[in-house]
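Novice: Here you go, one structure.
The values are calculated or read from the model by the stated rules, or taken from the named source; none is laboratory data. All values derive from a computational prediction rather than experimental measurement. A quick note on method: Cβ atoms are made from the backbone with ideal geometry, for glycine too, and the neighbour counts reach across all protein chains shown. Just the protein is used for accessible areas: all its heavy atoms, side chains included, with ligands, DNA and RNA removed. Shrake-Rupley method; radii C 1.70, N 1.55, O 1.52, S 1.80 Å.
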Amino acid sequence: MLLWVPQALLVLLLPMLLAQGEARQRGGPQASNTSRPALLRLSDHLLAHYRKGVRPVLDWRKPTTISIDVIIYAILSVDEKNQVLTTYIWYRQFWTDEFLQWNPEDFDNITKLSIPTDSIWVPDILINEFVDVGKSPSIPYVYVQHQGKVQNYKPLQVVTACSLDIYNFPFDVQNCSLTFTSWLHTIHDINVSLWRLPEEVKSDKSVFMNQGEWELLGVLTQFREFSIESSDCYAEMKFYVVIRRRPLFYTVSLLLPSILLMVVDIVGFYLPPDSGERVSFKITLLLGYSVFLIIVSDTLPATAIGTPLIGKASLREEISLVRTWPPSCSSVSVCLPCTGVYFVVCMALLVISLAETIFIVRLTHKQDLQQPVPAWLRRLVLERMARLLCLGEQPTSQRPIGTFQATKTEDFSAMGNHCSHVGGPEDLEKTLKGTDGPPPPPRREASLAVRGLLQELSSIRHILEKRDDIREVARDWLRVGSVLDRLLFRIYLLAVLAYSITLVTLWSIWHYS
């Protein structure tokens, strides 16, 4: 009996000892794992058997939804000639990776981990309007939450194509789109959505650099599904960046000098119409305006698809054509850059003003062979137009057109009668007898001397009368030219005012629309 008791105790204790040994063997690796950092253990746990080439879903029928968000940071440049917009944005995208999930309690309550971007699957979301690779900083990490939500934040310098309409320059508003879509995957594999509400995206200007030439009006969003040459559909998210140019700089440097030159041109009409200084003044003003356009040509936008209301104005090619006149075939085929409608009209008005001045100066120019004012022109201009312009009744010459010839004939006949009367022998003898003095000269010589003196006096009288007639004709033409100058000046002033009111109205509508 005593020998059986130890054997029974050994049989009972042996399973317990074996169980304790196995437990120690199992607890050895776990004890060694608890000594490693939790971040390292979690990273090894997530990436040990991870395949970044496979879309991270447990059920392949389930699409991966990419939530997108865009914040505009700055408008770097707007190239109107090449139709390119360069912006700097803060880009954020979110998706769920079902292969990157864990229990925070097993890893020291870690709920978020940063992982290298090159180690996990990343969607192929691109911008369709990309035309050049910008200088964007590389962000090598993404955040992963324990539910598998991935946060990819990165700044981007975006160089995109945009249809820029500069007809309303410098009061233009541009609307450029940024279209985010998967380049390869259809909507059954990758779908896109907006991370924030559209109202929040539209009014978000918290980080925008608002001190440049362009002002951010808002960012509009639109989701769309489309298909290309097949039945497969693709999803895209559009962000419409609406910007407006600040016109103060261009108003001060372009519009104001041009307006001042036009005002000086209008003031030039108050110079006397018969003065040649008005022509030289107008030519100098036109030349100064041309030089002004050449100076400011580099500050104006240029485009090859449309003509802006105020646009690229360059006269270098025109000056080269003038220097090489007569132009050759090669010089004629030069393509001049489009000139803004505003500057074209201003230049045309200056040319019209110069042409009107030349016409008035030619009309009032004094010349010896100038014909008298016709009767119909006298009635039309000096009577009707003068009353219409409230200039009062214009004085006219009372001498008829044939006065000079009739006066000349009468003077010749009177001179002959006078010479015959003075040169008679009896009268001359009586005159000589009644006077005391030296003996008179012979009668024939005295008669010839008196006749010659009378002829000289008559010639002087005719010259003076002819000069008076020429002056009277010149005065009549001057009166006609003055009335026509007032008429053309008022027509020119009305044209300038109508053009100015039209421009101000259009710019006001575009600015406040």
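Novice: Go over the candidates P123, P137, P56 one by one and state the one that is open to solvent by 50 Å² or more (accessible area, probe 1.4 Å) and under 23 Å from W195 (Cβ atoms).
Specialist: Going through P123, P137, P56 in turn, the sole match is P137.
Novice: Suppose we keep only residues that are assigned to a strand (DSSP E or B) and over 30 Å from T96 (Cβ atoms) within segment 148-171. Which one would you say is most open to solvent (accessible area, probe 1.4 Å)?
Specialist: Looking at the filtered set, the residue picked out is A161.
Novice: Scan segment 115-147 for residues that are of a type outside the set (D, E, K, R), in a loop (DSSP other than H, G, I, E, B) and in contact (Cβ under 8 Å) with a residue 24 or more places away in the chain and jot them down.
Specialist: Matches in segment 115-147: I120, W121, V122, P123, N128, G134, P140, H146, Q147.
Novice: Can I ask one more? What pairs come out if I take residues in segment 231-247 that are without any contact (Cβ under 8 Å) to a residue 60 or more places away in the chain and pair them with residues that are among the basic types (K, R) and open to solvent by 30 Å² or more (accessible area, probe 1.4 Å) whose C-beta lies under 9 Å away, six or more apart or interchain?
Specialist: Here the result reads A235/R224, each pair linking segment 231-247 to a residue that is among the basic types (K, R) and open to solvent by 30 Å² or more (accessible area, probe 1.4 Å).
Each row is one residue, and each column tells you yes or no for (1) at pLDDT 90 or above; (2) of a type outside the set (S, T, N, Q); (3) out of contact with any Lys or Arg (no Cβ under 9 Å at 6 or more places or on another chain).
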residue: V241; (1), (2), (3): yes, yes, yes
residue: R246; (1), (2), (3): no, yes, yes
residue: L256; (1), (2), (3): no, yes, yes
residue: I259; (1), (2), (3): no, yes, yes
residue: G268; (1), (2), (3): no, yes, no
residue: P272; (1), (2), (3): no, yes, no
residue: G276; (1), (2), (3): no, yes, yes
residue: V279; (1), (2), (3): no, yes, yes
residue: T284; (1), (2), (3): yes, no, yes
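Novice: Continuing with this model, one more query. Which condition from (1) surrounded by 13 or more Cβ atoms within 10 Å (Cβ to Cβ); (2) modelled with pLDDT of 90 or more; (3) more than 30 Å from T64 (Cβ to Cβ); (4) of a type in the set (S, T, Y) is the one that T221 breaks?
Specialist: Only one criterion in (1) surrounded by 13 or more Cβ atoms within 10 Å (Cβ to Cβ); (2) modelled with pLDDT of 90 or more; (3) more than 30 Å from T64 (Cβ to Cβ); (4) of a type in the set (S, T, Y) is unmet by T221, namely (3).
Novice: Something else now. Just the residues that are of a type in the set (K, R) and under 20 Å from P301 (Cβ atoms), please, taken from segment 236-267.
Specialist: R244, R245, R246
Novice: Being acidic (D, E) and over 19 Å from R244 (Cβ atoms) is the filter here; which residues of segment 161-207 pass it?
Specialist: Of everything in segment 161-207, those that are acidic (D, E) and over 19 Å from R244 (Cβ atoms) turn out to be D189, E199, E200.
Novice: I want to confirm something. Restricting to segment 231-266 and keeping residues that are of a type in the set (S, T, Y) and part of a helix (DSSP H, G or I), which single residue is surrounded by the fewest Cβ atoms within 10 Å (Cβ to Cβ)?
Specialist: Step by step, filter segment 231-266, then rank; the result is S253.
Novice: Still on this structure: Has segment 176-196 got at least one residue that is aromatic (F, W, Y) and in a strand (DSSP E or B)?
Specialist: Yes: segment 176-196 contains one or more residues that are aromatic (F, W, Y) and in a strand (DSSP E or B).
Novice: While we're on this one: Answer yes or no: is there a residue in segment 90-111 that is touching a strand residue (DSSP E or B) at 6+ places or on another chain (Cβ under 8 Å), aliphatic (A, V, I, L, M), at pLDDT 90 or above and in a strand (DSSP E or B).
Specialist: no
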